[in-house]
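The values are calculated or read from the model by the stated rules, or taken from the named source; none is laboratory data. Keep in mind that what you see is a predicted model, and the values were worked out from it rather than measured. For neighbour counting, all protein chains shown are included, and Cβ atoms are generated from backbone atoms with ideal geometry for every residue, glycine included.
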Amino acid sequence: MGTALVYHEDMTATRLLWDDPECEIERPERLTAALDRLRQRGLEQRCLLLSAREASEEELGLVHRETQVLGKEELQALSGQFDAICFHPSTFHCARLAAGAGLQLVDAVLTGAVQNGLALVRPPGHHSQRAAANGFCVFNNVAIAAAHAKQKHGLHRILVVDWDVHHGQGIQYLFEDDPSILYFSWHRYEHGRFWPFLRESDADAVGRGQGLGFTVNLPWNQVGMGNADYVAAFLHLLLPLAFEFDPELVLVSAGFDSAIGDPEGQMQATPECFAHLTQLLQVLAGGRVCAMLEGGYHLESLAESVCMTVQTLLGDPAPPLSGSMVPCQSALESIQSARAAQAPHWKSLQLQEERPPPLLPGGPVCKGAASAPSSLLDQPCLCPAPSVRTAVALTAPDITLVLPPDVIQQEGSALREETEAWARPHESLAREEALAALGKLLYLLDGMLDGQVNSGIAATPASAAAATLDVAIRRGLSHGAQRLLCVALGQLDRPPDLAHDGRSLWLNIRGKEAAALSMFHVSTPLPAMTGGFLSCILGLVLPLAYSFQPDLVLVALGPGHGLQGRHAALLAAMLRGLAGGRVLALLEEDSTPQLAGILARVLNGEAPPSLGASSVASPEDVRALMYLRGQLEPQWKMLQCHPHLVA
Ligand code: X5A
Ligand code: ZN
């Protein structure tokens, strides 16, 4: 459905007219660097370009008291009345364009003209308050967009995700008693010693009155937070609340001063991390995501991170994350204190009854400030993008299957002798239909391993599902996959001769008991309720997967998998964050064309349908999850959401 890019060259006009070391980083080059890089990568060309318009007085009035136009002396005098603000004669024009860009983006998404988009704007907005400019921000672009989405489009639930490294106190103040806007912000805090030095940026500020629990602050008390810390914050804090909230729209205060190399943030998350954050948000609100630029002052890191965000909005799979996926102790302390502060207000947090942390050797202490190693930023994407994003290899090409034009129905099959050789050990693969299906699967898998196809769907007769999966695993491991994650739903046993050598991780969601036979062989019952399914994905499947860092994912819906289509779609959409989106889904032959269709679209980058208001997890679901987390946390560190008690 498309991605909008909203921009206007005039927004490069506002600049610093006198010496001010604090304001000088917010430069016009921020926009031109980001835009140039989008062009260079061919990403701008793939977007629907919208030329930003000015917001009207009335629209600004949704959030702000009135504004004025002044000369240079007055501008400097006026600037002095605010914290970290330097006005320019063009500032008001630029700020009206920035706010207008956000409104256009929201209108484009909510009228269905596009699925999502990014507004590339300056000045930024999230520090701006009803009657005060602050922290380079004049009008609160995201807050105006949220108020507009409520007033003009009648929305009732809007999620605002502020991944800028500063606390967007302006947004917090404007909506702290409003339960229709869930505001999440992580920010460099250092126990209150970092700008804007506010007590109310801490985790215990959770909103007021009707809005209790609808402000979520995650203060970082050390610099150096990286990919693992950010992804852990999403999996263990933001996403459980976001699914429970069930937003109709996601607005992102997309500041990239939280990326590596930024002089303000001093954090270590690489640009690819923003692809993952974006992809994790796209499973909400039917994929209606509007991102608006806030901070980001390291031009190279900013430009790369903007590209990662836009690329993901366009539906490209996120590149794999670099570095070890182990959250640091300080991050875990912050996540834990935010979870504790929010628990009274959210069912999804209450059920996971907080237990004392196990005594284990701790994770790494925080890594300290980093300058951007150029190696991390220049790193070209090694693998050229596959020419086919998604291929469907069903046994008989299905004409009732509704597919997007760029998803191909694969005709090819592996060579007969080769297929037979792989099938030989399995009796269930002797039948002609099973062999034919296997041939198609092997052909598809080879295309994926060779890098021609990114993701795919194959089918097999139910009686041959386990054997086909066994062949797929062995073939994957012998033909180039270094680490293979297999998520098996239903009655599928782990191939008995699969080695526990760290090259494969087997996760069976099947309906028997919860058990971790080894760190590479995990099984858990299928949760009964949507809430349980969500906590299984966010609290077990994805943390295991992000810890393991596979380069190939197999997801098999075997006999008796019992999964609803929308649940299968969500699982596939979220697993797509692993292995650069190299995901092969294996279905039973008699699955409905609807199931095959929805999985193909999701693997191809479409948003899964939203789950709606979710039921809570059953006590048994919670017990199974808690048991497995306890067993596996020592090995798979992304499962942790508590710091460990170690000297
Ligand atoms: C939008 C943004 C930062 C202000 C820092 C003032 N503002 N020291 O990143
Ligand atoms: Zn910032």
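Checking each residue in the stretch 144-162 for being assigned to a loop (DSSP other than H, G, I, E, B) and either polar (S, T, N, Q) or touching a Phe, Trp or Tyr at 6+ places or on another chain (Cβ under 7 Å) (or both) picks out only Arg157. Looking across the stretch 163-188, the residues that are closer than 16 Å to Asp229 by Cβ and within 15 Å of ligand 1 (Cβ to nearest atom) come down to Trp163, Asp164, Val165, Ser185, Trp186, His187, Arg188. When Ala467, Ala458 are checked against the criterion of being at pLDDT 95 or above, surrounded by 14 or more Cβ atoms within 10 Å (Cβ to Cβ) and over 23 Å from Ala573 (Cα atoms), a single residue qualifies: Ala467. May I ask you to verify whether His127 is assigned to a loop (DSSP other than H, G, I, E, B), out of contact with any Cys (no Cβ under 9 Å at 6 or more places or on another chain) and within 14 Å of ligand 1 (Cβ to nearest atom)? No: the conditions fail for His127. Selection of the stretch 91-103 for residues being more than 16 Å from ligand 1 (Cβ to nearest atom) and buried (at least 24 other Cβ atoms within 10 Å of the Cβ) yields Leu97, Gly100, Leu103. On inspection, Glu294 passes the criterion of being in contact (Cβ under 8 Å) with a residue 12 or more places away in the chain, buried (at least 24 other Cβ atoms within 10 Å of the Cβ) and within 16 Å of ligand 2 (Cβ to nearest atom). Does Ala34 fit the bill of being within 16 Å of ligand 2 (Cβ to nearest atom) and part of a loop (DSSP other than H, G, I, E, B)? For Ala34, the condition - within 16 Å of ligand 2 (Cβ to nearest atom) and part of a loop (DSSP other than H, G, I, E, B) - is not met.
From the list Asp162, Asp177, the lone residue that is within 16 Å of ligand 2 (Cβ to nearest atom) and acidic (Asp, Glu) is Asp162.
With respect to the conditions (1) closer than 25 Å to Ala143 by Cβ; (2) out of contact with any strand residue (DSSP E or B) (no Cβ under 7 Å at 6 or more places or on another chain), Leu17 lacks only one, and its number is (1). The set of residues from the stretch 119-135 being buried (at least 24 other Cβ atoms within 10 Å of the Cβ), within 15 Å of ligand 2 (Cβ to nearest atom) and of a type outside the set (D, E, K, R) comprises Val121, Pro123, Pro124, Gly125, His126, His127, Ser128, Ala133, Gly135. Check whether at least one residue in the stretch 594-608 is basic (Lys, Arg) and either within 28 Å of Leu442 (Cα to Cα) or surrounded by 22 or more Cβ atoms within 10 Å (Cβ to Cβ) (or both), and report yes or no. Looking through the stretch 594-608, at least one residue is basic (Lys, Arg) and either within 28 Å of Leu442 (Cα to Cα) or surrounded by 22 or more Cβ atoms within 10 Å (Cβ to Cβ) (or both). If I filter the stretch 93-105 for residues that are at pLDDT 95 or above, in contact with a strand residue (DSSP E or B) (Cβ under 8 Å, 6 or more places away or on another chain) and within 16 Å of ligand 2 (Cβ to nearest atom), do I get at least one hit? Among the residues of the stretch 93-105, at least one is at pLDDT 95 or above, in contact with a strand residue (DSSP E or B) (Cβ under 8 Å, 6 or more places away or on another chain) and within 16 Å of ligand 2 (Cβ to nearest atom), which makes the answer yes.
In the stretch 182-207, the residues that are at pLDDT 95 or above form Cβ pairs under 6 Å with partners that are among the charged types (D, E, K, R) and away from ligand 2 (no atom under 16 Å from the Cβ), at six or more places apart or across chains, as follows: Gly207/Glu176. Here are some conditions: (1) more than 24 Å from Ser305 (Cβ to Cβ); (2) surrounded by fewer than 19 Cβ atoms within 10 Å (Cβ to Cβ); (3) within 15 Å of ligand 2 (Cβ to nearest atom). Leu212 meets all but one. Which one does it not meet? Here Leu212 meets the rest and fails (3).
Contact map, the stretch 345-356: first residue surrounded by 15 or more Cβ atoms within 10 Å (Cβ to Cβ), second residue modelled with pLDDT of 65 or more and of a type in the set (Asp, Glu), Cβ cut-off under 6 Å, separation 6 or more or different chains; pairs are Trp346/Glu244; Ser348/Glu244. Criterion first (under 21 Å from Phe243 (Cα atoms) and away from ligand 1 (no atom under 16 Å from the Cβ)) does Leu314 satisfy it? Considered against the rule, which asks whether it is under 21 Å from Phe243 (Cα atoms) and away from ligand 1 (no atom under 16 Å from the Cβ), Leu314 comes out as no. What about Gly224, is it away from ligand 2 (no atom under 16 Å from the Cβ), over 22 Å from Gln640 (Cβ atoms), small (Gly, Ala, Ser) and surrounded by fewer than 24 Cβ atoms within 10 Å (Cβ to Cβ)? No, not satisfied. Taking the condition of being in a loop (DSSP other than H, G, I, E, B) and under 22 Å from Asp83 (Cβ atoms), how many residues in the stretch 164-179 meet it? Residues that pass the stated criteria total 6.
Of all residues in the stretch 393-414, those satisfying the criterion of being touching a Leu at 6+ places or on another chain (Cβ under 9 Å) and of a type in the set (A, V, I, L, M) are Ala393, Leu394, Leu401, Val407, Ala414. The lone criterion from (1) more than 16 Å from ligand 2 (Cβ to nearest atom); (2) touching a Phe, Trp or Tyr at 6+ places or on another chain (Cβ under 8 Å) left unmet by Thr111 is number (2). Take Ala340 and decide whether it is surrounded by fewer than 24 Cβ atoms within 10 Å (Cβ to Cβ) and more than 16 Å from ligand 2 (Cβ to nearest atom). Criteria met by Ala340.
Taking the stretch 115-124 as the range and being more than 16 Å from ligand 1 (Cβ to nearest atom) and assigned to a loop (DSSP other than H, G, I, E, B) as the test, only Gln115 passes.
The residues on offer are Ala145, Ala77, and the sole one that is touching a residue at least 40 places away in the same chain (Cβ under 8 Å), small (Gly, Ala, Ser) and away from ligand 2 (no atom under 16 Å from the Cβ) is Ala145. Within the stretch 138-157, identify whether any single residue is in contact with a strand residue (DSSP E or B) (Cβ under 7 Å, 6 or more places away or on another chain), within 30 Å of Pro609 (Cβ to Cβ), within 15 Å of ligand 1 (Cβ to nearest atom) and of a type in the set (S, T, N, Q), and answer yes or no. Yes, because at least one residue in the stretch 138-157 is in contact with a strand residue (DSSP E or B) (Cβ under 7 Å, 6 or more places away or on another chain), within 30 Å of Pro609 (Cβ to Cβ), within 15 Å of ligand 1 (Cβ to nearest atom) and of a type in the set (S, T, N, Q). Scanning the stretch 506-558 for residues being under 21 Å from Arg474 (Cβ atoms), touching a strand residue (DSSP E or B) at 6+ places or on another chain (Cβ under 7 Å) and among the polar types (S, T, N, Q) gives a total of 2. When the criteria are applied in full, Ala607 meets the requirement of being out of contact with any Cys (no Cβ under 8 Å at 6 or more places or on another chain), at pLDDT 95 or above and not in a helix (DSSP H, G or I).
Per the conditions (1) within 16 Å of ligand 1 (Cβ to nearest atom); (2) buried (at least 24 other Cβ atoms within 10 Å of the Cβ), the sole criterion not satisfied by Ala232 is (1). The residues on offer are Leu563, Leu584, and the sole one that is within 23 Å of Val522 (Cβ to Cβ) and buried (at least 20 other Cβ atoms within 10 Å of the Cβ) is Leu584. In summary, Gly539 fulfils each of the numbered conditions (1) closer than 18 Å to Gly630 by Cα; (2) at pLDDT below 95 with the single exception of condition (2).
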